[in-house]
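Here is the structure we will look at, set down as structure tokens.
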Amino acid sequence: MDDVFPIGLHQVWPRQGDATDFSSPLPDTNVDIVAIHGLDTGSPLTWMAYAKEGDHSSRAVNWLQDSDMLPSKMPTARIYTFDWNSKTYTGASVEYLISHARDLLFSLKHREGAKDRPILFIAACFGGTLLAKALNYAANPHNEYRFILDLTIGITFLGTPFRSSNELALTAAQLRVLISSAFGAESSSRLFYELDGENGIMKELTESFARLVTSKHGGIPVRCFFETRVTDVSKAIPKLPQVLRKLVALQTNIILVDEESACLQGVERLSLPTNHAMMNKYRGASDPAFIKVAITLCGFLETWKNKTVKESASAVGPTPEPSGQNLIQNSHVSVTHRHWVVSRKIHSVLIGREIDLENLESYLLPPLEEQKCHRAFRIIGIRGIGKSELCLRVVHKLRVRFYGVFWLDVRNSKSAEEGFFDIARIISGRPRDSLDDALGVLERVRKPWLLVLENANDPDGFYIKFFYSWSKATILLISHTERPGFGEVRLTHHIELGSITGEAAIKLFYKSAEMTRSQNDSEIDSIIKTIVVDILCCYTLGILMAGAYLRRESVKLSEYLNDLKGIQATSDQLQALNLCLGTRNPAYRSEFRAMWSVLEASARALSAVGGDDGRDALGLLQILAVMDSGTVSLDIFEPVSKDRINPKSSSFNDQPDVGVVSFKMTKWQYERLPEFVNLDCRLPKSTRLQRAVELLQSFSLIQQAKNDTAGSEVISAHPVIHAWIKARQSSEDRQSTWIRTAALLAFSSTNFSERSESSEKIFRKHLQSVFDAQESTQIRGLPSVEIARLLFGCYTLSKSIRDLKTCQLLLGRIFSTMEVDRDVPSVLYAELYLEEAFCLEQCSQIKKAIEVLELLACVCEPMLPENSVTRLRTQHNLASLYLRNKQFQQSVELFRNVIKTQEKEAVNPFDYAPSREKLVEALVADGQTKCAGEILDSMRFQGRGIEESLDEYFRNRFKLAELHMINLQPRIAIEVLRDLEQSYVERIGENDREHRSIRRKLAHCHKIIGEFNQCIAILEPLLKIDIELEGENHQLCQFERCGVADAYLASGQPKKAIKVLRRVLDIKKDTLSKEHESFVDPRLLLGDAYRQSGEWEKAIYNLKEAIKIVKKRSKQDTRLLSANIMVARIYMANSEANKCISHLENALKEQVSTTNIGKNHRQRLQEELSKAYFEAGRNTEAKELRQHILDAQERTVKDQSPFLQPCPPLQKLKSETPLTKRDDA
């Protein structure tokens, strides 16, 4: 490793021996490029790759310093690498990330020409985290490194894991361990604690950096690259911790840093056709990944140059008159543009409508004065006339004038809801719990923002009522409905869009067909005028389609004119088209008749294409007609792989119980998949599918784009084209198309777990469309069980994406298809009734679900053997429902029966571990904690090696300690926890989160038995470790401080408790409102601490502050009772009996409304109140209350539960007398 650069900044271009000295810039260099490597690597190796994969004898290409690589693309650049001690185990640095960040800034500050040379950064993997930390640090206006931020003109991130991975649901820290291990490093260091996204530090760093680079003032151009090819992590599995080993054991070829992890919010993102290891190393100048990265860097430099030229010109040039474009600039309200959520792209061919553009632009400009209420505009016109394109052009032009621009498709309520949830998440930075909560986020925006609602045809949409609360909103409604009004919305302007003028239509045709207009060829002009004006009626979409046809097909204009005249839509076809479009206005028939002719001509041309391409393209169009009319992810067409499905077998799953119908996929469904679907898992994409997509694009029948949310390629067809495909299909075509589409979605459910969670929305829309299409399609001549299996596959997909409504609809359709009585369970269709119970449970209809499974269990018992999978599954699910319904004894009994049967058949005890774990849960709920502890104690190292079962063992031992505490045996719990801690430290290590959890539980046990010094001895060093690893402001550290203060109070050290608690309150005041709920516990403890130290006024102040916060939240909170009691006792100790009485009476009132407080607490309050009555001289009231207490005790003494008994004395607690009967604790 002698070739590895030492730590610091190193110039790699120009090199030694060039025309200039190694350390000096070339005379004409004008920019510095700084490349930063990631963890467990260094320069130059991290930037090098062999020209031929696997051939170490081929050229070693260093793309940063080889003259034919980046230096050839950017000859005026000076290129550096920054090397830092990034080792995470052997030779690891003791520095934290901020230390490395400061080193980077220091090196940049002292490079030659540092004060005036712009900088381009390249950050590979974890080097991006270091760079983000450095630039955040430099962002302070008074920082000595601020000029570095100002000189930064672009940043390129290559696979930086900013957050957790969706693919395996890994946390940020686990992802970093996996990446390091995958490339040979032993990763287990304190640096990972700071890089752990779960502790809040990394999340805060990422969010603040994203705000920095996307802000209007000081914003930096950034592009995030993510990988698209898998990495084999099988060699890394032995080095991984147990918790990671299980996650990757079943799937060793994975995307290490997916798009969701590698990309910042609001920043441009691009994919690289490579795996993670090759993100920052390229094999030559023709490498596609290198070309993309080089273009990005050159683009950053060019943008900076153009900006510099404009700024120089504006500094010396005359001030232009305020007209045209300058009118927009002069009317600009000072707004920082933060959010751009528009997935549509501008059509490059469209021309014309200049007057409409100017009018809409002037309407949408933010007003010069302060906007007091929302502004709503509506643009209306026939589908395909150009409404959306017109709005898109204006929105692009005005985007910087608004705080945020959001474009939503509101064709139905589900699409609208998902869109508003996305907007609220983007603005607030976190998901919202309800629709009202999401819409409320928009209400709180205090800067001008623009909302475009496409397909806003419903004047009664749920979102309409919120317009009046969005005071800063400018709302643009795009509609094709014939209604002149829009519900109760007061429209600022109403724009009705008609066809473009004849001359503009002819120009558009020439541009779309890529033809050059000749002034001398009147014959061609005449033919084009006939096509555009007479036949197409200047209809924008028809003109674009006709131009695309002529651009694709080499035919004469006269022949095409004759073809269009020869294709005439019948009245039935036009009626079907209008019905699919949802319009019945006869005035639109001329445009749609012309559109039908143009589209049918394109369909005939597709049919004439040789080979499979034309047939595949038409088949893809038909499938799009069944799907939702929005975007369709190409991932849907890649669902099948040979390692999952064997087409030669009759069934792709294990054989079901004899006498029970299986609804798993069979060869029948496999053979119904479209022929262009990829059936080879070794191919990343289906080449036939790609050719079909390209062919349809060439006719402008579909558009292809990148989905910004899901990160996948999507295709879409215009709603008019979508309706035409539906209208032209025969009943036989509709049936076969529906079956192929349903098969696609059904097989998608077999590997949905491998897809990004953000794909759920896309699948949800298409499932609903397939369900609706099946309702209108008559399926004839096919086996009903095979159709039911298709529907069941779609049901499984709905279940995977948690779409309960569609699950219920599909399950009902399956019952009707099989002609099965839904209310009378049968063994033959047991699988359906199990799913019926699942849906009922998810809808919180527990009793109905229990009824279904009880009936199913009764019919299964005489017809299926005891060990049948169906019978055991029914019993297990029924026992789980009993547990949810608080029928604990029935649940325990049934789980015992299931386990007894499983033990006879299972070779490995872990095969029935889920049932045993549920049994433990049921036993605890039933109060049989001792028995539950015995079961947990026996579940250790059974049937597996120690390494494989380690996490299971630790979890069960921890749960066992908790059960001993519930069983009033804290000393035994301490012994279990000490043994557990020793084993954990030996096998895993110390001071990680799990180890610290064990220590906290151990301290709690010591506190219970009165060993306060031992409790403090554990908590004090634990707090120091938490502060060091998590940061002083972390929520966990505040919780730990409260625990330490509580132990100080219990041991009679109120002064120490006060010091700790005041620090907690100071930290919370910096970040939270004073009325935040998290202030309650510190206030209560601080009040108690002041009470013990004799500072009565401070104690009462803190307790009353806690009472005030709790009352605003909930009067059912038990802490309200505790606070009132404490205040009353302070008054009593201070001889203020009347104030004490007032507070105790309030406490009793609160206690009556707090249903989860026992009678013993009420009696304690009443006893305190009777004493206060005596102190105040109100003896009669005191005697009456005392007698009432005695009567209540006599009535309840026989049936009092152990929890309402007085707490056992310390001596009895230490004796650890075990409970002999069932524990009701």
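The values are calculated or read from the model by the stated rules, or taken from the named source; none is laboratory data. Please read all numbers here as calculations on a predicted model, not as lab measurements. Cβ sites come from the backbone with ideal geometry, for glycine too, and all protein chains shown count toward neighbours. Side chains are part of the model used for accessible areas, which takes the heavy atoms of the whole protein and leaves out ligands, DNA and RNA. Shrake-Rupley method; radii C 1.70, N 1.55, O 1.52, S 1.80 Å.
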Exclusive hit being part of a loop (DSSP other than H, G, I, E, B), at pLDDT 50 or above and within 46 Å of the chain's Cα centre (by Cα), set LYS1149, LYS1115: LYS1115
So if I check each of ALA138, ALA92, which one is modelled with pLDDT under 90 and open to solvent by less than 30 Å² (accessible area, probe 1.4 Å)? ALA138
Please enumerate the residues belonging to segment 528-539 that are in a helix (DSSP H, G or I) and open to solvent by 30 Å² or more (accessible area, probe 1.4 Å). LYS529, THR530, VAL533, ASP534, ILE535
Among the listed residues VAL609, VAL598, which satisfies the condition of being under 43 Å from the mean Cα position of the chain (by Cα) and not in a helix (DSSP H, G or I)? VAL609
Single condition ILE237 does not satisfy, out of (1) at pLDDT 75 or above; (2) open to solvent by less than 50 Å² (accessible area, probe 1.4 Å); (3) farther than 20 Å from ILE33 by Cα; (4) of a type outside the set (Phe, Trp, Tyr): (1)
Determine which member of the set ARG411, ARG383 is within 33 Å of the chain's Cα centre (by Cα), touching a residue at least 60 places away in the same chain (Cβ under 8 Å) and assigned to a loop (DSSP other than H, G, I, E, B). ARG411
Residues that are assigned to a helix (DSSP H, G or I), of a type in the set (Asp, Glu) and at pLDDT 85 or above: does segment 744-757 have at least one? no
For SER844, state whether it is closer than 16 Å to SER880 by Cα and in a loop (DSSP other than H, G, I, E, B). yes
Enumeration of residues in segment 496-527 that are outside any helix (DSSP H, G or I), among the aliphatic types (A, V, I, L, M) and out of contact with any helix residue (DSSP H, G or I) (no Cβ under 7 Å at 6 or more places or on another chain): MET515
Can you go through SER518, SER512, SER602 and tell me which one is open to solvent by 30 Å² or more (accessible area, probe 1.4 Å) and of a type in the set (Ser, Thr, Tyr)? SER518
Tell me which residues, restricted to segment 550-580, are of a type in the set (A, V, I, L, M, F, W, C), open to solvent by 10 Å² or more (accessible area, probe 1.4 Å) and in a helix (DSSP H, G or I). LEU550, LEU557, LEU561, ALA576, LEU579, CYS580
Hey, among the residues in segment 925-952 that are outside any loop (DSSP other than H, G, I, E, B) and farther than 23 Å from ARG896 by Cβ, which one's modelled with the lowest pLDDT? LEU950
Which of the following residues is in a helix (DSSP H, G or I), in contact with a Pro (Cβ under 7 Å, 6 or more places away or on another chain) and closer than 22 Å to HIS722 by Cα: GLY619, GLY614, GLY547, GLY542? GLY619
Scope segment 498-507; condition crowded, with 16+ Cβ neighbours inside 10 Å and farther than 19 Å from PHE592 by Cβ; matching residues: ALA504, ILE506, LYS507
Only one residue in GLY1087, GLY1031, GLY1052 is touching a helix residue (DSSP H, G or I) at 6+ places or on another chain (Cβ under 9 Å) and within 29 Å of MET202 (Cα to Cα), so which one is that? GLY1031
Could you tell me whether LYS886 is under 30 Å from ASP657 (Cβ atoms), at pLDDT 75 or above and either among the charged types (D, E, K, R) or in a helix (DSSP H, G or I) (or both)? no
Considering segment 455-470 alone, what residues qualify as being in contact with a helix residue (DSSP H, G or I) (Cβ under 6 Å, 6 or more places away or on another chain) and outside any helix (DSSP H, G or I)? TRP470
Does VAL555 meet the test of being modelled with pLDDT of 85 or more and β-branched (Val, Ile, Thr)? no
Looking only at segment 984-1010, which residues are polar (S, T, N, Q) and surrounded by 16 or more Cβ atoms within 10 Å (Cβ to Cβ)? ASN991
What pairs can you find where one residue is in segment 424-453 and assigned to a helix (DSSP H, G or I), the other is among the hydroxyl-bearing types (Ser, Thr, Tyr) and modelled with pLDDT under 80, and their Cβ atoms are less than 6 Å apart, with a gap of 6+ or different chains? VAL441/SER428; GLU443/SER469
Of all residues in segment 66-82, count the ones that are within 15 Å of THR46 (Cα to Cα) and more than 39 Å from the chain's Cα centre (by Cα). 1
Of (1) under 23 Å from LEU1084 (Cα atoms); (2) touching a Phe, Trp or Tyr at 6+ places or on another chain (Cβ under 7 Å), LEU1029 satisfies every one except (1)
Could you please give the count of residues in segment 280-291 that are assigned to a helix (DSSP H, G or I) and open to solvent by 50 Å² or more (accessible area, probe 1.4 Å)? 2
Give ALA376, ALA294 a once-over and let me know the one that is at pLDDT 85 or above, more than 30 Å from the chain's Cα centre (by Cα), more than 30 Å from TRP596 (Cβ to Cβ) and not in a helix (DSSP H, G or I). ALA376
Pairs where the first residue, in segment 817-842, is polar (S, T, N, Q) and the second is at pLDDT 90 or above and in a loop (DSSP other than H, G, I, E, B), C-beta under 6 Å, 6+ apart: none
